[in-house]
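Here, each number is a calculation from the coordinates, and none is a lab measurement. Just so we're clear, the structure is a prediction, and the values are computed from it rather than from any experiment. Quick reminder, even Gly has a Cβ in these numbers, built from the backbone with ideal geometry, and neighbours come from all protein chains shown.
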Amino acid sequence: MSTGFERDRDEFSRGARAIVVYPDLGGSSRDADARLEETAGLAEAIGVVVVDRMAFRIRTPRAATLMGSGQIEELAARARMEDAGLIVVDGSLSPIQQRNLETALEAKVIDRTGLILEIFGERAATAEGRLQVELAHLDYQSGRLVRSWTHLERQRGGFGFLGGPGETQIEADRRLIRDRMARLRRELEQVTRTRGLHRERRQRAPWPVIALVGYTNAGKSTLFNRLTGSHVMAEDLLFATLDPTLRQIALPGIDKAILSDTVGFVSELPTQLVAAFKATLEEVVSADLLIHVRDVAHPDTAAQKADVEGVLTDVGVAETTPRIEAWNKLDLLSGDAREELLVEAARRDDVIPLSALTGEGVDALIRHIAERLTAGHQRYSVTLDAGDGAGAAWLHAHGEVLAQDVDGASITYEVRMAPSDYERFATR
């Protein structure tokens, strides 16, 4: 049996001509043009050709179709004129609304959640990523069998000698989807356990973990590459990074730290994805420091920050977790806008303005990260035998050696390190 996931992906082809629709229900922190621009970008990210964008003010949402009949007629006429076979609705649709709109518009209809799931399905590169996306898609699709399946009225015969009406095709399909979801959850639980073991090993080392978080396309992967010298995919593309990437970096006073690049967040991130990607996002939950990368050149940067903070809360990141805001894409600002931003950043001790693309401000970010991670460190005087190379190497690896004084057969080190590291050294 093919799953609803596979069936929908067959119907959803690259190059499809689409109209993006924003049903304005009121209360959004973004204006209609900004919403349409972002959703068009999401659609174009998987090869859809956006031929038009429309916004409708909806005062009273219709339970059957969301939009009013006049709005549906206007949209249907525009779809025929533009030869658009796909309607992308920037909002959430119930299964009934989706089915009724497809019937009325004679076109495939996909809502924001479905669109984001399509993107994730195309971008997932690792086995873990594909498991997470399939689980999220099946969870979403299980309530939409009424739309996606054309053979729902057919019944299968009873089993064994009992006979009877048996189960309808939709009941069988739902049961098979539930079984598949259960298997996926078991596999992802194993992933979670494996990640937990790796995390415990790192914590025993102990190396601090720094997680880059931010809105999609804010420049996290570009900054990650700049800090680590890696070549993680970094394009002007929404959701360019899905699978987490970990690299070690050296910082002033810290021999080794782990830097994690994570999936970008987006407004109204589907709850199915938040749940499915929890194993990945646990790297963020357990991080010692978060670097919130913001695209300060974007007109909706404040709203994007609120969306990211909302997702961090949803996945269980503690408010007490230290954070630095990296105000990225400084290279796109000039004149008064740039000057005002730099003045505002100077007033705050948790903000570093920078351009991950050009490297401007990155050194300042590195120094600030080191200062935050070593904020609780203290200065100690340690005397070792001149031949104790292992002890000297340990001090250099786990602290910042400020000075050393040779006195015959011994060397006294002035070193700055965390109290916990000093205790470990003293009892080694």
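Brief remarks on what is shown
- Within the shell defined by Cβ-Cβ distances under 12 Å, the residues around Pro322 carry a net charge of -4, with Lys and Arg each +1 and Asp and Glu each -1.
- Cleavage-rule hits (GluC sites (Glu not before Pro)) in the stretch 83-119: DSSP loop, at most 14 neighbouring Cβ within 10 angstrom: Glu106
- Ranked by the mean number of other Cβ atoms within 10 Å per residue, highest first, peptides 333-340, 258-265, 283-290, 370-377 order as 258-265, 283-290, 370-377, 333-340.
- For the stretch 306-314, backbone phi angles converted through the Karplus equation (6.51, -1.76, 1.60; θ = phi - 60°) give residue-by-residue couplings of 4, 5, 5, 4, x, 5, 4, 5, 4 Hz, Gly and Pro being listed as x.
- Sorted by Cβ neighbour density within 10 Å, fewest at the top, the residues Leu402, Leu86, Leu269: Leu402, Leu269, Leu86
- DSSP beta bridge pairing in the stretch 205-373, given as percent antiparallel to the nearest 5: 25 percent
- Exposure proxy order (Cβ contacts within 10 Å, fewest to most) of Met81, Met54, Met67: Met81, Met54, Met67
- In order through the stretch 252-259: 3J(HN,Hα) via Karplus (6.51 cos²θ - 1.76 cosθ + 1.60), integer Hz, x for Gly, Pro: x, x, 10, 5, 8, 9, 9, 10
- 3J(HN,Hα) along the stretch 367-379, derived from phi through the Karplus expression 6.51 cos²θ - 1.76 cosθ + 1.60 where θ = phi - 60°, amounts to 5, 5, 4, 4, 4, 5, 6, 9, 4, x, 6, 10, 9 Hz, with x in place of Gly and Pro.
- By other beta-carbon atoms within 10 Å, ranking Arg180, Arg428 with the fewest at the front produces Arg428, Arg180.
- Highest-first packing order for the peptide set 299-309, 315-325 is 299-309, 315-325, based on the mean count of other beta carbon atoms within 10 Å.
- Length released on extending from Ser334 to Gln404, taking residue separation times 0.36 nm less the Cα-Cα span: 20.5 nm
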